[in-house]
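Structure record follows, encoded as structure tokens.
Taken together, the values in this text are just the output of simple stated rules run on the coordinates, not laboratory data. Please read all numbers here as calculations on a predicted model, not as lab measurements. Please note: Cβ atoms are built from the backbone with ideal geometry, for glycine as well, and neighbour counts cover all protein chains shown.
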Protein chains: 2
Amino acid sequence: MLIITWLLVVDAKLEGPAVVTGSFPRAATDQTLLRRVNELSVLAALRGNEPRPLREVADATGLSWRSAQVVTEKLGAQGWLAETEADAGDKRMGRPARRYRFRAEVGYAVGLDVGPRQVRVIIADLAATVVSSQQVDVSPEDTADARLAIAEQVLRAALSAAGIQPDDVWAAALGTSGVVAPDGTITSVLLPGWTGLNPGTRLAAALPCPVAVVNDANLAALAERWRGFSAETMIYLLVGMRLGAGLVVGGSLHTGSGGAAGEIGMLRELGWHDAARRLAATPIDALTMSAEDSDLAAMRVFQAARDAHPAALAAVDRFAADVARGVAAMVLTVDPELVVLGGSFSHAADLLLPRLEALLAETCLHTPRLAASELGDNAVAYGALRLALDTVNQRMTSLDSATPLIPAAIRGY
Amino acid sequence: MLIITWLLVVDAKLEGPAVVTGSFPRAATDQTLLRRVNELSVLAALRGNEPRPLREVADATGLSWRSAQVVTEKLGAQGWLAETEADAGDKRMGRPARRYRFRAEVGYAVGLDVGPRQVRVIIADLAATVVSSQQVDVSPEDTADARLAIAEQVLRAALSAAGIQPDDVWAAALGTSGVVAPDGTITSVLLPGWTGLNPGTRLAAALPCPVAVVNDANLAALAERWRGFSAETMIYLLVGMRLGAGLVVGGSLHTGSGGAAGEIGMLRELGWHDAARRLAATPIDALTMSAEDSDLAAMRVFQAARDAHPAALAAVDRFAADVARGVAAMVLTVDPELVVLGGSFSHAADLLLPRLEALLAETCLHTPRLAASELGDNAVAYGALRLALDTVNQRMTSLDSATPLIPAAIRGY
């Protein structure tokens, strides 16, 4: 038995990796392989691009004009492509060139972030264009049922705002705190009632497609790589009242064999478990000491440090040292090119990054580049969206060669 | 521009991954792609297998009998294949079926381990069959020049014993202690004079092909995965008078962006830097205390622990706890399926594995499987050999499609 996996790298404007991979056993003939590769090439060349005339499709894919025409017409009949009106400028010689566009609206991908303080939903079409985005504040003390009910409500609102039927969503992913087992079941020390449940299956009434559940920091890492930072191996730090980490290794999300990658905070010697609490409890002034919201208290400590308040500076130094020990352990394990500082304390990157950098340089043989997140609170939802889009890509290309490449086969549930 | 990368997975008896990958821009025609894929399929089907008649080649590759014949004849003319005498049993109907074999002797791969106490060379043909293997003891105190001179000598002896000309070696890799920069330059705290040199280029007089230099623990991880343990993500622990670690992530060797992956020992809080020294210094009896060789002293401590000597048991407990802290940090970072205990202390796996297992279960959310190395002192050299064989595979498949697939093009220097 022989399996051929292909990987098409197309120079397209599509955000995210313009890469298509797939595999199938070569029991089929060479012609079947070629036909599928050609179809996927044309889709990749049009997806995420402006409408293109046949000549450009042929140029981008390396196909002959005639082959490009045959494939394009077939994909049109299958519902993937549509012809568009030619621009006035194209009417040379009295005859406009037909242009083809990828029907990005044929399906949608959904990214959800169900966090301690926020629930966020982002919906994009198949060309990765965001068509709807909604968020609602929640409380860390909410019960699991309350949190899930709000998630369902936000999801329905986001779908309805864009006029999308739940059936038109082809793939979804959900980021949340905790360790997520391969079957989607969560172990969380943070959210009440969250351990033992699978929030993906709990949303089935609102979303018939399967919902992949992944640790939030892991998804944030994926998002940072998608939307800005290029690094083969990187660590995303979720720094706020809780500390977490997500990894991209060799260009791919690395969640680990049991979903527990990046859980360095479990090693109590490193001091992650109470680093933020100790920072927020620094006695700066009456306001800080009486603050009920520890996030707010921490923000005041950072502000006081900027004003050179001695106790605040000492607290920030200690917090940075606590964070750096855990980061150093991860850096010394995977030796990444980049560490991205995200989470609610990323607003204090001006204070934290130089301290982390100096501390890492002391310990590590090869110090990675450090940078502040550019996605802020959107990182987890964007990462979930990227994963859902990747799932669609993966389905398109892993289709058995005997199955026609049609939207209904990719929708797949 | 469009690039097609292919990956052929062939069910062959070839040890190591029976996978071939390659890529080329599709400026060429579809026929050129198909031809190359077919050639590589036939090579993969014969390499590492017994000689096969055309019918079996066709079955294994999914090619028609006629296509298999055309491709096989072409590869024969290019020097990759030879016809063999048919067995007597094949002489049905008076006409023996011709069989083809992969000419594994067309090129060779070399794996070197240049360590503190040993220099080892393993040579295999292109079907990964070991044809020569030599080793010589060295001292940790040897100068760099002395160590390199011995390495060159062992290499020449291994080549000569198998009647192989240096020019017939297509790829080589060398494992050694220390952090190896992407250019092959070493930073070592262990071997005198080793920092700043590239041992690969220093062997150029004996071996004209490029020699990849990689950290020894990393190569050992690759070897354990090749020769026995199947795990997508695994950590190899080098446990002896020095502690080190190598990583396989997502099925591939992960050396990190600056060659510093697995260097968790740099985090002194974890206690790796003097764990083995403290173990070997345990006062058990007059013999242990006067031992000049600390490896020997450590071995006596392990033996005393097996005899329930209280001080030895306490020392082993403490050593296991020291090792476990560093392992836990790596496990909590990458969440591997498997941790393999290798190095000179792997003879004490009976004492160390149960202790490590219990300690990891306390700290880690998802405890990996633990196992003792089955390769012993050969792990680093085997890992180097595997890397050299992978280099040959990579060259075969990344050849520009306009260049004929001939041995001289793969030899490549």
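List the residues of segment B:247-273 whose backbone N lies under 16 Å from a point placed 7 Å from the Cα of B:E232 along the Cα-to-Cβ direction.
Zone members listed by number: B:248-254.
Which is farthest toward the positive dipole end of segment B:282-413 among B:L405, B:A348, B:V316, measuring Cα position about the Cα centre, with Cβ charges +1 (Lys, Arg) and -1 (Asp, Glu)?
So the residue we want is B:L405.
Rounded to the nearest 0.05, what FRET efficiency do B:A402 and B:V189 give with R0 = 41 Å and r taken as the Cβ-Cβ distance? Could you check? List each step's numbers first, then the result.
On the way: r = 48 Å, r/R0 = 1.17.
The calculated FRET efficiency here is 0.30.
Net charge near B:G244, counting Lys/Arg +1 and Asp/Glu -1 over other residues with Cβ under 10 Å of its Cβ? Intermediate values should be presented prior to the final figure.
Details: positive: B:R242; negative: B:D216, B:E263.
Cβ neighbours under 10 Å give a net charge of -1.
Give the Kirkwood hydrodynamic radius (Å, one decimal) of chain A, defined as one over the mean of 1/r across all pairs of different Cα atoms. Don't skip to the answer; put the middle values down first.
Numbers: mean 1/r = 0.0431 Å⁻¹.
Evaluated over chain A, this radius sits at 23.2 Å.
Tell me whether segment B:45-191 comes out rounded, prolate or oblate; compute the Cα gyration tensor, take square roots of the eigenvalues as a ≥ b ≥ c, and use a/c under 1.5 as the rounded threshold. Intermediate results must be reported in sequence, preceding the final value.
Working: a/c = 3.81, a/b = 2.70, b/c = 1.41.
It is prolate, given that a/c is not under 1.5 and a/b is the larger ratio.
Grab the Cα-Cα distance for B:D295 and B:R268, subtract it from 0.36 nm times how many residues apart they are, and report the gain in nm with one decimal.
On the way: separation 27, 0.36 × 27 = 9.72 nm, distance 2.20 nm.
Here the segment from B:D295 to B:R268 would lengthen by 7.5 nm.
Return one number: the angle in degrees, 0 to 90 and rounded to the nearest 10, between the long axis of the Cα atoms of helix A:30-46 and the longest principal axis of the Cα atoms of chain A.
Its long axis makes an angle of about 60 degrees.
Other chains' Cβ within 10 Å of A:263-275 residues: what's the mean? Provide the component values of the computation, followed by the final result.
Numbers: counts 8, 6, 1, 8, 10, 1, 8, 6, 1, 0, 0, 0, 0.
Per residue, the average neighbour count from other chains is 4.
Which values, in whole Å and largest first, are the semi-axes of the equivalent ellipsoid of segment A:180-306 obtained as the square root of 5 times each eigenvalue of the Cα gyration tensor?
Working: eigenvalues 187, 77, 42 Å².
For segment A:180-306, the semi-axes come out at 31, 20, 15 Å.
I need the shape label for the protein assembly as shown. Rule: rounded when a/c is under 1.5, else prolate if a/b > b/c, else oblate, with a, b, c from the alpha carbon gyration tensor.
It is oblate, given that a/c is not under 1.5 and a/b is not larger than b/c.
Taking a ≥ b ≥ c as the square roots of the eigenvalues of the Cα gyration tensor of segment A:230-373, is the shape rounded (a/c under 1.5), prolate (a/b larger than b/c) or oblate? Write down the numbers at each step before the final one.
Numbers: a/c = 2.15, a/b = 1.78, b/c = 1.21.
Verdict is prolate for segment A:230-373.
Excluding B:V70 itself, calculate the net charge of residues whose Cβ lies under 11 Å from the Cβ of B:V70, where each Lys or Arg counts +1 and each Asp or Glu counts -1. Display every interim value, and only then the final one.
Working: positive: B:R35, B:R66, B:K74; negative: B:E39, B:E73.
After counting each charged neighbour, the total is +1.
In deg cm²/dmol, rounded to 500, what helix-only [θ] at 222 nm does chain B give when every DSSP H run of at least 4 residues adds -39500 (n - 2.57) and the total is split over its residues? Walk me through the intermediate numbers first.
Values: 12 runs with 157 residues, N = 413.
Result for chain B: -12000 deg cm²/dmol, rounded to the nearest 500.
Mind pulling the angle between the C-alpha long axis of helix A:349-363 and the longest principal axis of chain A? Nearest 10 degrees, somewhere in 0 to 90.
It works out to around 80 degrees.
Only four residue types carry charge here, +1 at the Cβ of Lys and Arg and -1 at the Cβ of Asp and Glu. Report the dipole size of the protein assembly as shown about the Cα centre in Debye, rounded to the nearest 20. Before the final figure, lay out the partial values.
Details: 72 positive and 90 negative charges, 516 e Å.
Computed about the Cα centre, the dipole is about 2480 debye.
Taking Cα centroids, how far is segment B:332-350 from segment A:321-339 in Å?
22
Counting partner chain Cβ atoms within 10 Å of every residue's Cβ in B:58-65, what's the average?
Numbers: counts 0, 2, 2, 3, 11, 4, 2, 0.
Neighbouring Cβ atoms belonging to other protein chains average 3 per residue here.
Over all residues in B:362-369, what is the mean tally of Cβ atoms on other chains that come within 10 Å of each residue's Cβ?
On the way: counts 1, 5, 5, 10, 10, 2, 4, 1.
The shielding value for this peptide is 5.
Calculate how steeply helix B:294-306 sits against the longest principal axis of the alpha-carbon atoms of chain B, using the helix alpha-carbon long axis, and give the answer as 0 to 90 degrees to the nearest 10.
For B:294-306 against chain B, the angle is about 80 degrees.
What FRET efficiency, computed as 1/(1 + (r/R0)^6) with R0 = 60 Å and r the Cβ-Cβ distance, is obtained for B:A204 and A:E141, rounded to the nearest 0.05? Intermediate values should be presented prior to the final figure.
On the way: r = 67 Å, r/R0 = 1.12.
Working from the Cβ atoms, E equals 0.35.
With a 10 Å radius around each residue's Cβ, average the other Cβ atoms per peptide and rank A:168-175, B:114-121, highest first. Walk me through the intermediate numbers first.
Numbers: A:168-175: 26.1, B:114-121: 22.2.
Taking the mean over residues of other Cβ atoms within 10 Å, the ranking is A:168-175, B:114-121.
Tell me, what ³J(HN,Hα) does each residue in segment B:153-159 have, in order and in whole Hz, if you take phi through Karplus 6.51 cos²θ - 1.76 cosθ + 1.60 with θ = phi - 60° and put x for Gly and Pro?
5, 5, 4, 4, 5, 5, 5
What is the calculated FRET efficiency for B:A409 to B:E105, with r their C-beta to C-beta distance and R₀ = 22 Å, to the nearest 0.05? Let's see the in-between values first.
On the way: r = 18 Å, r/R0 = 0.81.
Efficiency at R0 = 22 Å is approximately 0.80.
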